[in-house]
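Okay, structure first, notes after.
Throughout, read-outs are computed from the coordinates displayed, never taken from laboratory work. For clarity, every value in this text was computed on a predicted model and none was experimentally measured. Here the Cβ positions follow ideal geometry from the backbone for every residue, glycine too, while neighbour counts run over all protein chains shown.
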Amino acid sequence: MPPLPLVGRILWIATFAGGVLLIIRLYWLGSHKTYPFFFGYWLLSTLQTAILLPIDNRTRAYLWVWIFTEPLMWAFYILIVFELCTLVLRSYTGIYTLGRWVLYSALSISVMVTALSLTPAVSGSSERSPILIYFVTIERGIVFSLVLYLLLMVAFMTYYPIPINRNTLIYFVVYSVFFLSKTVVLLLREALGLLSSQTFSTVLLGIYTACVLAWLFLLDRDGVATVSVFRYRWGAPEEKRLVEQLDELNSTLLRSGRR
């Protein structure tokens, strides 16, 4: 693996520092109780960075630390998406249950497809470390499943006027940008190889830093009480019709689940 460019390393340090400040702010706001998996992700992420920063990323020590910590990061990716689903759909139990099973199914299919693709990916790769290829392939499957689910949530929230507090809306929107950016870099890595992806990884770190700053400055105590919607606000008759449609869909799913 080539060394990280100087700009990339500076952004990595900036993201780490921002992560530490974000952890402090989330705890100070009491948001660590509302968003426990988001809080846990940043605890783990800052710990991983603190361990990896002093290590040359071309060494085996770096590779093994990354291998032992990265699966925990994947687990938090999944838990965060579950957390967002719960927060957004907490008033619509039937729709939430359906969404949860959709995510279960997407992850299960992803695991099976990834398992089938592992051997060809390793045998056809010119990368030095087969372990790295296994991990990149598994991560790709998990990330793609979650990003498709997030896009479905965005589409759903764009169509229906779902009321959520402003902090949760900021959490959801910024995390979607955060996660979509990671997906784009994975696609570029697949297309161009690890050597060609260094520039894109630096861009990704810049986006990560911007996301951390957005969470730092936009999440506040007032955001808990302020109710927002993701979609554009149409006229009152249209809003009423969509709310009634949403309630009917939720009731139908609840009745179906009891049978």
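Take the Cα of Val227, step 7 Å toward its Cβ, do the same at Tyr134, and the gap between the two points is 5.1 nm. The Cα atoms of segment 1-116 give a gyration tensor whose axes a ≥ b ≥ c have a/c of 1.5 or more with a/b no greater than b/c, which makes the shape oblate. Kindly identify segment 132-224 as rounded, prolate or oblate by the Cα gyration tensor criterion: order the square roots of the eigenvalues as a ≥ b ≥ c, call it rounded if a/c is under 1.5, otherwise compare a/b with b/c, prolate if a/b is larger, else oblate. Oblate shape, in that a/c is at least 1.5 and b/c is the bigger or equal ratio.
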